[in-house]
1. Using the structure shown, list the pairs from 30/181; 300/340; 110/232 with a Cα-Cα distance above 24 Å, or answer none.
2. Just how far, in whole angstrom, is region 63-123 from region 417-440 if you go by their alpha carbon centroids?
3. Stokes-Einstein at 37 °C, 0.692 mPa s, Kirkwood radius from Cα pairs: D for region 1-155 in µm² s⁻¹?
4. Restricting things to Cα coordinates, could you compute the convex hull volume per residue of region 176-217 in Å³?
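Values quoted throughout were computed directly from the atomic coordinates according to the rules given, and no laboratory measurement underlies them. Note that the coordinates shown come from a computational prediction; the quantities given were computed from them, not determined experimentally.
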Amino acid sequence: MNIDTWLMISIVTFLLVVSGTCIYVFRIKKGRVNDPIIIFLFFFALLVLPLPWRTYFTKTDIGDVTPHLTAIFPFMPAAVFMCAAGLPFFTIAYYSRLSQRIAAHVPRPKTGTRARTAALILGGISLLLLSRLAHDLGGILGFILLGYQNYEVTSGKGYLWVGLVWLPIAAEFLLYNYAVKRQKVDLALFLAISVCLVTVFMILGNRFSIVYFGLTVWLFWHHAIKAVPIKKVALAGITMFLALNLVGTLRESNYTNLEEVWEKASISTPSKFDEPGTLFYTLTTGYYVVPFETFPQMIKSVGNEFAPRWGLTYLEDPLLVIPTDIFPERPMALENWYMKRFYGEDFSGNANRSFFFLSEGYLNFGPLGVIATMIAWGMLLGVVQSYIRLAKGEPGAALLYALTIAFVFRGIAGHAGSWLSGLTSQSLAVAVIGIWIANGRIVRFFSGL
């Protein structure tokens, strides 16, 4: 059989395994749509299938997708097959007794009554960091008006840029306070701040923050306030997906004022609807297509062009938490190594190739590394699922859970180092500080087990 046939067989096999896993979760395990395993399966399929499916019909090297398409095409069926083969191991680890036992020993926060104070303090710190970042750019408004170019001017300043990432978490402590006290003023403040944050992220072209914020709010609301019907979730999800595809095609830079932002969006939006593929941008040339390239590339290259890393990248990953300004000699992140190795040292700009999470497993240990990575992910998400069940709606635990599971879509598209540094420094660390503030005293932070 030719490679085209093998590629289609691999795609069908992957779909059958994903479908079978969903049936097992819903029919046998009585799972729900908001369970971590279902969220993982959704984003896993969304990040695996677009590039192979596109390749089956189009085998031309395209810069926006990958200039290496013809080179990695023969190895793509193997990559898709390995994704399918890893899912049963993921599922077994997810439902294992070991994951449940680990969750039982993870401390759960006590409910605090000063979450509004936490929101105020964290929001103030975030704005202070952001204003410091924007000091030489005309202030915070000047930074926002940079639009999509903000990624270029903030390179190497992640320790200040993180203030922008912390702002949504600060706002989420208003929801925490609402979950505890049910005061509508908290909900009104949260909604007003949310509109401002989403608008800012849209101007900056930061779709990741919008998705992460939306997923976190949904999961927190579902577990700490009130269960959300699946129909509303589906409607909101489809609307957000289409809107963010449109945002991806409208990204501009260097606005002069907010009026210009509105004018450009008003002029460009109607014309974009007439362009083919606009509403499915991320599935054809965008976020969900690009990362998978690294997996068949690793299958092609490891053992032929360079030797396996034998676990070295996992030892280096914790060092990526340290900002480069503090540790300039820290190891190169895998996405940067990949760009240097396969795109040349002088490559620059906003375009990048996120290092697919199974690519790191293969880079270190070949096919066994892929299976081990799926087992590790299954164990991690199984622990988180058991943790939220044991928490029984406690808002602090629900927030930590929501921030972790909402990060899954970013974790699949990245390596272990990006997951570790992003989830801890950009999310969990500041959330833990906020929960501590909400509790008032550190001795009251954790409940007894």
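1. As for pairs spanning more than 24 Å Cα to Cα, those are 30/181; 110/232.
2. 17 Å
3. 161 µm²/s
4. 51 Å³
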